[in-house]
Every structure is written in C-alpha cells, then in structure tokens.
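Accompanying notes for the structure given below.
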Amino acid sequence: MDVLRRVWGYSEFRGMQGDAIRNLISGGDTLVLFPTGKGKSLCYQLPALCMGGTAIVVSPLVALMRDQVEELKELGVPAGAIWSEQSPDDANNVRRQLRSGQLKLLYVTPERLATGSLDSMLGNGDISLIAVDEAHCISVWGNNFRKDYLALGRLKEMYPTIPVVALTATADTRTRQDIIKLLNLHDPEVFVDSFDRKNISYEILPRSNPRGQLLDFLKRHKGESGIVYCLSRKKVEETVEWLNESGIRAKHYHARLDPALKAANQDAFRLEEGLCLVATVAFGMGINKPNVRYVVHLDLPSSIESYYQETGRAGRDGLPAEAFMVFGMQDIVQRSRMIDEGDASDQVKRIERAKLNALVGICETTACRRQAILGHFGEQHPGRCGNCDTCTKPIETWDGTEAAIKALAAIYRTGERFGVGHVIDVLIGKLTDKTKRFGHVDLAVFGAGREFNAAGWQSIYRQLLALNLIRVEHDEFGAMKLQEQAAAVFKKERSVTLRRDRSVTRRTKRSIEPSNYSSRSGLSADDREVFEALRQERLAIARELGVAPYVIFPDTTLIAFATSRPSTLDEMLEVSGVGPTKLERYGARFLDALEIALR
Ligand code: ADP
Ligand code: ZN
C-alpha cells in the first residue's frame with residue numbers, strides 16, 4: 001500500500017496486518033490478536049490516515065500514549081493525546097486542534113473518556129474509527145482487568161456506525177469472547193496471527209548460582225538494554241545494587257517506588273541505551289521500546305501466559321533477542337503459597353495451580369521449548385526450532401526409575417512431613433541436627449542416595465513435581481507429599497524418564513559466543529563499526545530533541561544503512577523504515593555520519 005511506503009517507509013505488511021486494515025477501512029468491526037511486536041498499532045494508525053475524520057484510540061497507559069504520539073509526529077502525522085493529569089494548556093491545545101479537524105488520531109485514557117463526553121470534545125468533527133488497545137483489560141479473566149474498560153461498551157451504542165477495532169496480545173478464547181461481548185462488537189472479523197516470536201530465543205536453567213548465572217548472561221549483552229524481572233520489591237532493590245557494584249548500569253522499578261523516581265527510571269529506560277532495568281511485573285504494559293534485547297526472570301512467573309507476555313517485550317524490532325530464566329524448587333513452593341494465601345475463590349485457585357504446573361512442565365521439558373509454549377496456546381509447531389536451549393543443546397535423558405523410587409521412598413519413610421532440603425539430607429546421609437533429632441539416621445533410606453549430590457536430587461525432585469508424582473504443601477512449610485500416581489512407580493508399572501541437567505554449577509561457555517548485539521545481527525566487523533557510529537549519531541539527535549532514540553530510526557534501519565551504505569538521499573529512501581518526513585529531518589545527518597564513518 002502506498003501510505004505504508006510513503007509515511008512509514010515500510011515496503012510490505014507484516015503477517016495479517018493488510019487483511020485487518022482492509023476490513024477496518026471497509027467499515028467492519030475488527031478484532032486483532034497478534035503477539036507483541038507483530039505491529040498491532042499500524043492496524044489502526046494506517047486506516048486513520050486513509051479515512052476522513054479523527055480516529056479515537058483508547059489506551060490504558062499515559063506513557064504508552066505519549067510514546068505513540070511522539071512517534072506519529074516524527075512521521076509527520078498529526079496526533080494528540082488527552083489524559084487526566086495533563087496541564088490545562090496542553091489539553092486545550094489538543095482540544096483546539098481536534099475541533100478544527102486537524103488531528104488524524106486522538107489518544108485518550110479510558111477514564112478520561114468516561115468523564116469527558118467525547119461529543120463535546122469533538123465539536124462537529126467526525127470520528128473515523130475507534131481503536132481499543134490492550135482490549136483484554138476489559139476481561140476479568142486476564143490478569144490486567146481495568147474497571148474503566150467496562151464503560152467502553154457504551155461506545156458502540158453511541159456511535160453505532162463507526163467501526164471499532166479491538167487489539168490485544170492475549171489469545172485465549174475466554175478473553176476473546178469477553179472482548180467481543182463487552183465491547184458490543186458487531187459481527188467482527190477476527191485476525192489471529194501466529195504467536196511464534198521467531199527472533200526470541202528461550203533458555204531456562206536450574207538456579208544454582210543466580211548471581212553468577214545472571215552476570216554470565218549479561219556479559220553477552222554489553223551495551224544493550226534489557227529487563228530483569230524479580231518477584232519481590234526487596235529482591236529488585238538488592239539485585240540493582242549488586243549489579244551496579246559489578247559494573248553493570250542498572251536502575252530499578254516497582255509499584256511502591258517513589259513516583260518521581262519511578263517515572264525517571266522508566267524514562268531513562270526509554271531514552272537511554274545500554275541500561276538494565278530490574279523490576280517487578282509492575283513494569284510492563286506500556287513499554288514500547290522496540291530494541292529491548294533481553295528479558296531475564298530471576299524468579300518463576302505465575303503462568304505460561306505471564307512468561308510469554310513478559311518475554312515478548314524483547315525484540316519487538318524483529319532482531320535477535322533472548323529470554324533467560326533461572327528457577328528452582330523454592331519458586332514452586334513460593335508461588336503455590338501465594339496462590340493459597342490469595343483471596344480468590346477455590347475455583348480460581350484451582351485454575352491458578354494448574355497454570356503454575358503447566359509452566360513447571362515447560363521448565364522441565366526435554367523437547368523444544370517453543371513447541372511446548374505454542375502448544376499451550378493451541379498452536380502447532382513441528383519442534384526443533386533451533387532457537388531454544390533444548391534445541392541448540394539437546395537434553396540428554398536417562399532412565400530415572402530407580403532414582404525416582406528412592407526419592408519417593410525417602411518422602412514416604414520420613415512421613416511426608418518434610419521439605420526438599422531435609423529429605424535430600426536423608427538421601428545423601430548427611431548428619432544434621434534434624435536428621436538426628438527425628439531419628440532419620442536409622443532409616444534404611446538414610447545415605448541410600450549417595451550416587452547423586454544435593455543438586456542432582458534437587459533436579460530429580462523438581463522433575464517428579466513436574467510429572468505430578470509429588471506435590472508440595474506450602475501450608476506445611478513446603479512438605480512434600482506423594483500423589484496417587486506415585487504408586488505405579490513404586491510397583492514398577494511405570495518407568496520414569498528424566499532429563500540430565502547441564503552442569504548445575506557454573507555454566508560452561510556457549511558454543512556461539514554472541515558478545516554483543518551487533519555481532520548477533522550477523523554484521524561484519526566493518527559494518528559493525530559503521531553501525532556503532534550511526535547509533536552514536538542517533539543518540540545525539542535523540543538527546544537534542546528529548547525523544548527516545550528508536551523514535552528517530554529503529555535499529556533495523558540503522559543496520560540497513562550500515563550494510564547498504566546509501567550515499568544519496570534518494571538511495572536512503574529505499575531503505576525500510578525511511579519515509580519522506582524522516583528523510584527530510586534526519587537524512588542529511590545520517591548521510592554525513594555515514595561518510596565520516598567510511599572515511
Ligand atoms: P505491537 O503493538 O504488536 O507490540 P508495534 O505496533 O509496537 O507492535 O510494532 C512493533 C514494531 O514493528 C514497531 O517498531 C513498528 O514500527 C514495526 N512494524 C510494524 N509494522 C511493520 C511493517 N509492516 N514492516 C516493518 N516494521 C513494522
Ligand atoms: Zn526449540
């Protein structure tokens with residue numbers, strides 16, 4: 001399409017963008033289910049430009065709105081935003097533009113839409129379409145329910161002839177049905193794109209030496225930005241402190257942080273490069289930064305959905321990105337406790353437990369992780385993706401039936417009353433106060449498992465948990481209990497295949513050693529230097545303008561500059577991501593930078 005080329009400088013639609021856009025322009029209600037990074041925004045931005053009037057975009061987060069408006073302005077598209085804490089001057093300015101019909105897109109927060117009547121804001125202006133971003137927020141089923149979203153159901157009554165497009169990255173059918181029903185979408189066309197994020201690689205390791213494991217990982221990402229998720233505020237603060245002590249530039253974010261500092265750290269992440277942001281899940285929705293190169297989980301997330309959403313924040317620009325997680329038995333105990341102590345109904349708790357188990361299954365799988373994850377979302381993948389740890393370093397399996405019997409016997413013989421640490425002490429025959437006090441040194445199982453060390457048994461117990469042969473009672477301080485299915489193992493009616501964990505102490509070097517981001521994109525040493533020079537130039541421009549670097553040009557465009565090395569503005573216009581507006585604004589500066597770099 002002409003507009004795609006002219007305004008965005010992109011040569012073709014991605015995935016199902018084109019189909020969704022055509023449906024919307026022809027006036028049909030539309031539901032867009034794309035994973036993060038596939039380009040949902042374009043699905044309403046482009047129609048907004050092609051249709052008469054102003055498009056109303058409902059978006060839950062001010063930071064996200066401002067980002068998008070900034071990006072649109074950079075593309076030469078008249079856009080504005082209205083939100084509650086805006087200065088009166090700014091708000092009036094936007095209103096004036098709106099009334100005079102200058103704006104092609106108006107972003108509003110749902111609560112703002114509920115308080116100020118849209119009609120009075122619009123004056124006589126026409127609405128081209130209504131876009132509801134992050135539409136899953138309307139469903140109590142997902143984990144981001146927002147009450148304000150419920151009022152959006154009225155929009156369709158107020159403007160029955162205006163097409164509505166709802167967009168989300170949450171794909172489950174329940175949420176989908178809620179969106180259609182609660183927004184009153186009229187016979188909507190649904191566009192579901194594959195949830196596979198090919199450019200993200202997945203790696204999940206048993207936690208052995210978490211700090212060392214994290215540092216090893218971060219070494220591969222020098223000079224790049226990424227997110228490290230921790231479960232608790234306290235851990236966020238501790239982690240950010242020792243990272244900085246270890247020479248890694250890190251900032252933190254969690255819900256209770258002083259609002260000014262929170263905003264400052266979020267801005268820093270948006271505007272700067274090479275920053276590691278350590279956060280709780282409070283940091284998330286609304287991160288628009290396309291060049292997040294890694295997402296780390298130092299603790300187990302609550303479900304596969306959360307894991308996928310959080311890791312999906314990496315690599316929106318389509319360039320290689322890494323999802324890395326360490327986890328241990330303790331995580332499972334902790335998560336289970338959180339579920340049980342929560343105030344949800346029994347039914348919801350059951351669902352949450354099942355979700356947690358499904359995630360543990362992914363962690364312990366011996367097959368392709370991508371296949372397992374996508375399978376969870378109902379999508380078939382042939383496996384062997386070649387871009388997850390189980391594919392690149394295939395897992396050895398072994399017949400663990402004998403070991404499983406010993407592990408289960410140790411639980412049984414100690415009365416199903418103890419946590420994993422103590423039961424392992426019994427197996428490896430460790431003399432402790434506890435083993436002596438409870439008389440466990442006299443049991444036949446005491447010292448019966450010396451063929452493995454404690455880490456080995458930890459691995460075995462985690463897998464027995466994933467196989468649902470045991471469970472952990474958190475209200476009894478993590479006591480392990482046998483599940484019914486364990487009986488078949490005792491009777492040797494069922495064999496147990498286990499994965500052999502890779503060295504659970506310090507990890508060995510990876511076979512491919514991607515030291516930094518440019519080498520990961522397959523650039524030659526020469527091109528890499530040019531790319532770095534262009535990156536510097538971009539940062540300089542971004543600082544002058546006070547905008548995020550990626551608003552100027554995404555990394556993909558800089559890489560294309562570095563490899564194709566345009567020497568005229570015309571040649572530059574051929575590069576993906578370069579439209580006439582940006583060419584006019586920045587073309588000359590990047591040509592200069594190229595020339596200097598190539599001298
Ligand atoms: P989502 O909202 O689905 O997570 P975005 O709308 O933020 O994704 O888009 C992700 C990135 O992909 C953005 O940097 C955007 O400019 C880019 N993009 C979108 N559509 C295309 C396209 N057709 N060709 C190239 N890049 C695209
Ligand atoms: Zn794989």
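A few notes on this one:
- Of all residues in the range 503-525 being in a loop (DSSP other than H, G, I, E, B) and surrounded by 14 or more Cβ atoms within 10 Å (Cβ to Cβ), the one that is modelled with the lowest pLDDT: Arg507
- Residue list for the range 284-306, filter: modelled with pLDDT under 95 and either acidic (Asp, Glu) or within 16 Å of ligand 2 (Cβ to nearest atom) (or both): Ile304, Glu305
- Qualifying residue in the range 9-20 (condition: in contact with a Ser or Thr (Cβ under 8 Å, 6 or more places away or on another chain), surrounded by 16 or more Cβ atoms within 10 Å (Cβ to Cβ) and at pLDDT below 95): yes
- Residue that is nearest to Asn357 (Cα to Cα), among those in the range 309-344 that are within 16 Å of ligand 2 (Cβ to nearest atom) and hydrophobic (A, V, I, L, M, F, W, C): Met325
- Qualifying residue in the range 11-25 (condition: within 12 Å of ligand 1 (Cβ to nearest atom), over 28 Å from Pro160 (Cβ atoms) and among the acidic types (Asp, Glu)): yes
- Scanning the range 575-599 for residues that are at pLDDT 90 or above, of a type outside the set (Gly, Ala, Ser) and outside any helix (DSSP H, G or I) gives Val575, Val578.
- Count of the range 544-574 residues which are over 19 Å from Asn288 (Cβ atoms) and assigned to a helix (DSSP H, G or I): 12
- Strands (runs of 3 or more DSSP E) completely within the range 388-486 that count 1 or more residues being free of Cβ contacts under 8 Å to residues at least 40 places away in the same chain: 470-473
- Matching option when the condition is buried (at least 21 other Cβ atoms within 10 Å of the Cβ), touching a Lys or Arg at 6+ places or on another chain (Cβ under 9 Å) and part of a loop (DSSP other than H, G, I, E, B), among Leu167, Leu185: Leu185
- Test: Asp346 is surrounded by fewer than 16 Cβ atoms within 10 Å (Cβ to Cβ) and touching a residue at least 24 places away in the same chain (Cβ under 8 Å): no
- Residues of the range 384-409 classified as closer than 25 Å to Ser194 by Cβ and either within 16 Å of ligand 1 (Cβ to nearest atom) or surrounded by 17 or more Cβ atoms within 10 Å (Cβ to Cβ) (or both), total: 6
- Lone qualifier among Leu469, Leu465, Leu482 - being within 38 Å of the chain's Cα centre (by Cα), surrounded by fewer than 20 Cβ atoms within 10 Å (Cβ to Cβ), under 17 Å from Ile332 (Cα atoms) and among the aliphatic types (A, V, I, L, M): Leu482
- The residue list Ser201, Ser208, Ser194 contains one member that is in contact with a strand residue (DSSP E or B) (Cβ under 9 Å, 6 or more places away or on another chain), touching a residue at least 60 places away in the same chain (Cβ under 8 Å) and in a loop (DSSP other than H, G, I, E, B), which is Ser208.
- Any hit, the range 353-374, residues being in the same structural domain as Tyr308 (by TED's automatic domain parsing), among the basic types (Lys, Arg) and more than 14 Å from ligand 2 (Cβ to nearest atom): yes
The values are calculated or read from the model by the stated rules, or taken from the named source; none is laboratory data. Just so it is clear, the structure is predicted and the values come from calculations on it, not from any experiment. A quick note on method: Cβ atoms are made from the backbone with ideal geometry, for glycine too, and the neighbour counts reach across all protein chains shown.
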